């Protein structure tokens, strides 16, 4: 919505509500509510902070604080925030606070500086989008004209009393480590229901913007757009975005899902609902001043083929901030869900403490990231055991985290305490059964460089009271010789007449790769065998299982030769203590982030 006219004089709120004919009364169903504690991991927010209507009195920073709060780790944890009617100085204040949280930002002016719109008359006025992730600057992934990862979609201006140009700021960023286009939206605002030229301009805005969105989607890139569309859900302001694959009653012409279209508690109208699951409707987001006609004009759309469990919820309007309500949306990547207990996968904890799983494609490559937890930054050690995760916290308490059977996520609400008192641990491994008793064991390296085995129990825990000290890696040395140490499965197969035992692999400070075969005769490990050199470039080593489905365990390693982003390399194991030459299978894995 906009509140100023030519000459940039303050007008107050301009109504444009297009009246729809309703038949019948909306079904009295419960409204959809998205919760910060239970919603799917992808989180979005859009807020028209009511620039000209409110900003002249904004000397307390309340709008800046409201936008920043959407990204709080203890709150909504938004990955993307779309903002409309924002002054440049507000954008800079928000960006300053969000940059340390890992956010990128993009702002476009729609009214030049010195305009009298903003408190600071040297500030321009416009729109912004913030996303948690790095701007995708690889020109091979996007059109040459947008090789910096930014774009502006210039839309048509209307012909009414308003003079502001319409432009959508867009960025291609790694949203939860997946390359995604995000765009903030503010379509043209008809001055009232009789402004046919204004309606035509707004609807043309929608078609132009969706043409660009479709271009990106057709290239296989997910897109999320959010903002003020200045039209009700059943109008042509939104029709280009709603999916054409929906049932005919709610069909649009696009390929996107709106976060509130499945909110049965807000179904209303005639000819736009399928009667059960979807509706081009939704909870109202604007107070309708000056006419008082409440209406939904704010939206978040996400590419249907890339996202599932798309839901939304309008927050209570803060009249001290805006005549709009803040809209939140949530979703899950369409290909994310529970994994098989024995499935090969790589796990990662990023700088924010979020936990991600990269499933194996079965051909030596990894699927895109799936966020499966948060708050893991306070764990000193983490290892995978089947579909469970075993974690040691900073206080020395040991925990088992079972995977949610429906979502594949890991939550503190279901974790099981396995014991305490494990202090001074510098490495933790979950290799499986190392002593032949058919229970899975825990190995830890202590500060003295000793490798200790805590035998598994039949109850799925470990006997933490009777550790077994395992062989030294070589004569006169401790296990501290290895800067990186992993349990690699049966990397070097045992002789046919001996039971299989899991092996250990380590990288020393000289960059040599060493193998310790599991010995079924001694329930211990053989002394080190040199199986490679030149591994000093790696800052992480992981054993994700069999990535290419040939029955042999593989290795992955992260280097730092490419700078701070970090490349991921795949080494195909041959089952006989050897491996094929490395193959790059990813980038954007910064130093310091645990991989396991």
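The values are calculated or read from the model by the stated rules, or taken from the named source; none is laboratory data. Source: prediction; values computed, not measured. Neighbour counts are summed over all protein chains in view; Cβ atoms, including those assigned to glycine, are modelled from backbone coordinates with ideal geometry.
Observations on the model:
- Any hit, region 238-247, residues being surrounded by fewer than 17 Cβ atoms within 10 Å (Cβ to Cβ), without any contact (Cβ under 8 Å) to a residue 24 or more places away in the chain and more than 23 Å from the chain's Cα centre (by Cα): yes
- Top-ranked residue of region 281-317 - restricted to ones that are touching a helix residue (DSSP H, G or I) at 6+ places or on another chain (Cβ under 7 Å) and in a loop (DSSP other than H, G, I, E, B), ranked as farthest from residue 42 (Cα to Cα): 281
- Residue check, residue 356 surrounded by 20 or more Cβ atoms within 10 Å (Cβ to Cβ) and either under 20 Å from the mean Cα position of the chain (by Cα) or closer than 26 Å to residue 257 by Cα (or both): yes
- Flag if residue 541 is touching a residue at least 24 places away in the same chain (Cβ under 8 Å), surrounded by 18 or more Cβ atoms within 10 Å (Cβ to Cβ) and more than 25 Å from residue 439 (Cα to Cα): yes
- Considering residues of region 553-567 that are in contact with a strand residue (DSSP E or B) (Cβ under 8 Å, 6 or more places away or on another chain) and either surrounded by fewer than 15 Cβ atoms within 10 Å (Cβ to Cβ) or in contact (Cβ under 8 Å) with a residue 60 or more places away in the chain (or both) only, the residue nearest to residue 503 (Cα to Cα): 553
- Meets criteria (assigned by TED's automatic domain parsing to the domain that holds residue 174, closer than 22 Å to residue 84 by Cβ, modelled with pLDDT of 90 or more and in a helix (DSSP H, G or I)) for residue 205: yes
- Every condition in (1) within 30 Å of residue 237 (Cβ to Cβ); (2) part of a loop (DSSP other than H, G, I, E, B); (3) touching a strand residue (DSSP E or B) at 6+ places or on another chain (Cβ under 9 Å) holds for residue 353 except the one numbered (1).
- Applying the criterion of being without any contact (Cβ under 8 Å) to a residue 60 or more places away in the chain and buried (at least 18 other Cβ atoms within 10 Å of the Cβ) to the residues of region 459-479, the residue that is farthest from residue 444 (Cα to Cα) is 473.
- Test: residue 500 is assigned to a loop (DSSP other than H, G, I, E, B) and at pLDDT 95 or above: no
- For region 210-237, a residue qualifies if it is in a helix (DSSP H, G or I) and surrounded by fewer than 24 Cβ atoms within 10 Å (Cβ to Cβ), and the qualifying residues are 211, 212, 214, 215, 216, 217, 218.
- Taken together, the residues in region 421-457 that are touching a residue at least 40 places away in the same chain (Cβ under 8 Å) and either in a loop (DSSP other than H, G, I, E, B) or not assigned by TED's automatic domain parsing to the domain that holds residue 372 (or both) amount to 7.
- Every pair of residues 6+ apart whose Cβ atoms lie under 6 Å, when the first sits in region 286-304 and is on the phi > 0 side of the Ramachandran plot while the second is in a strand (DSSP E or B) and at pLDDT 95 or above: none
- Residues being over 16 Å from residue 311 (Cα atoms), buried (at least 21 other Cβ atoms within 10 Å of the Cβ) and more than 27 Å from the chain's Cα centre (by Cα) - total across region 253-267: 0
- Some residue of region 589-596 being on the phi > 0 side of the Ramachandran plot, outside any strand (DSSP E or B) and outside the structural domain of residue 515 (by TED's automatic domain parsing): yes
- Of all residues in region 196-208, those satisfying the criterion of being buried (at least 23 other Cβ atoms within 10 Å of the Cβ) and either within 17 Å of residue 151 (Cα to Cα) or under 28 Å from the mean Cα position of the chain (by Cα) (or both) are 205, 206.
- Taken across region 369-388, residues that are closer than 19 Å to residue 175 by Cβ and in a loop (DSSP other than H, G, I, E, B) do occur, with at least one present.
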